[in-house]
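Q: Here you go, one structure.
The values are calculated or read from the model by the stated rules, or taken from the named source; none is laboratory data. Given the structure is predicted, the values throughout are model-derived calculations rather than measurements. Backbone-built Cβ (ideal geometry, glycine too); neighbour counts: all protein chains shown. The protein model used for the area step is the full one, side chains on, heavy atoms only, and it has no ligands, DNA or RNA in it. Shrake-Rupley method; radii C 1.70, N 1.55, O 1.52, S 1.80 Å.
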Amino acid sequence: MSSPAQIHVAFDGRFARELAEMAIPWQADEAPDPRLLVLNEPLAIELGLDPISLRTSEGLLLLIGNSVPDGATPVAQAYAGHQFGGYSPRLGDGRALLLGEVVDVDGLLRDLHLKGSGRTPFARGGDGLAVVGPMLREYVVSEAMNALGIPTTRSLAVVATGRPVQRETLLPGAVLTRVASSHLRVGSFQYARASDDLDLLRRVADHAIARHYPGATKAENPYLALFQAVTAAQASLVAQWMLVGFIHGVMNTDNMTISGETIDYGPCAFMEGFDPATVYSSIDEAGRYAYGNQPLVAEWNLARLAEALLPLLHDDQEQAVALAVESLGEFRSQYSAAWLARMKAKLGLLNEVDDGVTSPLVDELLALLQEGNVDYTSFFRNLSKSARGQAEPARGMVLDLAAFDAWVKRWRALDPDADAMDRVNPVYIPRNHLVEEALSAATLGDLGPLEKLLVAVTSPYDERPGLERYAAPAPEDFGAYRTFCGT
Ligand code: AMP
Ligand code: MG
């Protein structure tokens, strides 16, 4: 559908063109009464879009795919995936569409994507829809992650559709406009591999290399270089998750990107009291995706990517397997190095401090935090005060005071830089009770709490008066928190 008043956006349809076997042209459902809930103006500008036009009725139609610029081909993308370890050969965008790619102000190609835009041929039993709460949740958490400096898909807007959606109760429907450097997933490769079409698999890999790792073309074995690049990107990404206490909640292979961006904010949550066994997702009964398991799961998912890539790695299968195993073997050391370097920064220690000194120091600290179920985020923020000689804020959080005092003495002897700590230890994260509060209010039509929460979490390192409640752990009566797969 096109209209004379439509906003001009130059969409490319590169995925649809290059990988047509994995792209079903499709249209978004028409929304009866679209209403803008939140628009990310800085991101719009980054994309070369005019925020004022996006706020007009034509702009809203663009944001939900009800008005498609000439030349754009919205598609539902095909992908496969292991969900909780079980393989599904055909998942795909059941309720999402790729509108196309736009070139941002830095010249980078970015996907514009809709979530909650109606049933597609991949919808299976689902209604293809999404509701206001979970779409705003993705908006808040992804933008918080971005502000924390962690690679992630972004959120451009959430538009309420005016259509009630049946969940446990009737809830207001919404569409999220998502931005990503691409939506290629481990599951995209699994899909191509399962199609038994080597040419398709090669084209998916070439597309991934061109968009994310152009340097790989110069490697002796470009497809191995692709795998190595994804492994390194994921090692770094998951290390960053761990260091802010982020729990993705549903690390299925279809929810792991090739770009190394965090994707698919469903049952995700931030850990409060430090405990590697922390699980919030109601569907993760066995704790497969518990906080402490995330590096292992990432490695497992990368093994699935390696399997999918095997025919491209070498003509001889045995040699292909050997190459994959060797490269995957790098993951653990890459992860550990990324994790320790960033943990040192959290502790205000320069990289020159010997790892043989810092490793045991870190292990002892984490044991103290676990023993006291200490609030992970506020502890590290308080610890910079200990570096300034003001012991009590952090000390008051642990149980074993003698052990903590001895620990602080050793740590301070390494001359930690308190200001540097405050630049990497956030004050504000999207704490679960605050997210729930904001989403409940928004579902009832009050966007005030959401807007305030966004003010706090989009400048996470900058402590500001008046925002004290956004820095505090959940009140006791918040209870055992559960998250639900974002439908
Ligand atoms: P997710 O858990 O969001 O990664 O989704 C897993 C798969 O289920 C994807 O193929 C989604 O497109 C599909 N899906 C999730 N919710 C719905 C829905 N309400 N309608 C149709 N498909 C859905
Ligand atoms: Mg998904």
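Q: Given H placed on each backbone N at 1.01 Å, which residues far from S281 in sequence or on other chains put an amide H within less than 5 Å of it?
A: T483
Q: A further question on this structure: Computed over the Cα atoms of the stretch 4-180, what is the convex hull's projected area averaged over all directions, in nm²?
A: Reported value for the Cα convex hull: 10.7 nm².
Q: Do the sum for the chain: with -39,500 (n - 2.57) for every DSSP H run of n ≥ 4, divided by all residues, what is the mean residue ellipticity at 222 nm, to the nearest 500 deg cm²/dmol?
A: Taking each H run of at least 4 residues, the total per residue is -13000 deg cm²/dmol.
Q: Starting with the highest mean, order 439-446, 396-403 by the number of other Cβ atoms within 10 Å, averaged over the residues of each peptide. It would help to have the intermediate numbers written out before the result.
A: Details: 439-446: 15.2, 396-403: 13.1.
Output ranking for 439-446, 396-403: 439-446, 396-403.
Q: For V38, enumerate residues with amide H under 5 Å from its amide H, sequence gap 5+ or separate chain, H modeled in the peptide plane.
A: Under 5 Å from the amide H of V38 lie the amide H atoms of V158, each far enough along the sequence or on another chain.
Q: A further question on this structure: Could you pull out every one of the aspartates and glutamates with an alpha carbon less than 15 Å from that of K452, ignoring same-chain neighbours closer than 8 positions?
A: E143, E436, E437, D462, E463, E468
Q: Please label the shape of the chain as rounded, prolate or oblate, based on the square roots a ≥ b ≥ c of the eigenvalues of the alpha-carbon gyration tensor (a/c under 1.5 means rounded; beyond that, a/b larger than b/c means prolate, else oblate).
A: Note, shape of the chain comes out oblate.
Q: Just to be sure I follow the definition: excluding the sites themselves, where is the longest run in the chain that has none of the GluC sites (Glu not before Pro) in a DSSP loop with at most 12 other Cβ atoms within 10 Å?
A: Between exposed loop sites, the widest span is 1-167.
Q: Shifting gears a bit: Per residue of the stretch 168-183, in order, report the coupling 6.51 cos²θ - 1.76 cosθ + 1.60 (Karplus, θ = phi - 60°) as ³J(HN,Hα) in whole Hz, putting x for Gly and Pro.
A: 4, 10, 6, 10, x, x, 8, 10, 9, 9, 9, 10, 8, 6, 4, 10
Q: What helices in the chain pass both tests, a Cα length along the helix axis of 18 Å or more and a mean Kyte hydropathy of -1.0 or higher, using whole DSSP H runs? Walk me through the intermediate numbers first.
A: Details: long enough: 132-147 (22 Å, 0.29); 198-212 (21 Å, -0.09); 222-244 (33 Å, 1.20); 294-313 (28 Å, 0.77); 330-346 (24 Å, -0.70); 355-371 (23 Å, 0.48).
Counting only whole DSSP H runs, the qualifying helices are 132-147, 198-212, 222-244, 294-313, 330-346, 355-371.
Q: Report the net charge of residues surrounding L60, where surrounding means a beta-carbon distance below 11 angstrom and charges are Lys +1, Arg +1, Asp -1, Glu -1.
A: Summing Lys and Arg as +1 and Asp and Glu as -1 gives 0.
Q: From the phi angles alone, apply the Karplus equation (6.51, -1.76, 1.60; θ = phi - 60°) to the stretch 254-264 and give each ³J(HN,Hα) in whole Hz, x where the residue is Gly or Pro.
A: Per residue, the Karplus-derived 3J(HN,Hα) values read 7, 10, 10, 7, 7, 5, x, 8, 5, 9, 6 Hz.
Q: Could I ask something else about it? Ignoring any ligand, DNA or RNA, what whole percent of the accessible area of the chain comes from carbon and sulfur when the probe is 1.4 angstrom?
A: Solvent-exposed carbon and sulfur of the chain make up 53 percent of the total.
Q: Sum up the charges of everything whose Cβ sits under 12 Å from the Cβ of M242, counting Lys and Arg as +1 and Asp and Glu as -1, but leave M242 out.
A: Taking every other residue near M242 into account, the sum is +2.
Q: Separate question: If the cut-off is a Cα-Cα distance under 20 Å, which lysines reach K385, setting aside same-chain residues fewer than 8 apart in sequence?
A: K344, K346, K409
Q: With every protein chain left in place, what is the accessible area per residue of the chain in square angstrom, probe 1.4 Å?
A: 40
Q: Can you return the aspartates and glutamates within cross-link range of K218? Criterion is Cα-Cα under 16 Å, with same-chain partners fewer than 8 residues away left out.
A: Answer for K218, where 16 Å is the Cα cut-off: D206, listed by chain and number.
Q: Please identify every one of the chymotrypsin sites (Phe, Trp or Tyr not before Pro) in the stretch 68-168 that sits in a loop by DSSP and has no more than 15 other beta carbons within 10 Å of its own beta carbon.
A: Answer in residue order: F84.
Q: Can you list residues whose amide H is under 5 Å from R178's amide H, if they're 5+ apart or on another chain and H is modeled 1.01 Å from N?
A: Those qualifying (amide H under 5 Å, at least 5 residues apart or on another chain) are H113, L114, K115, L156.
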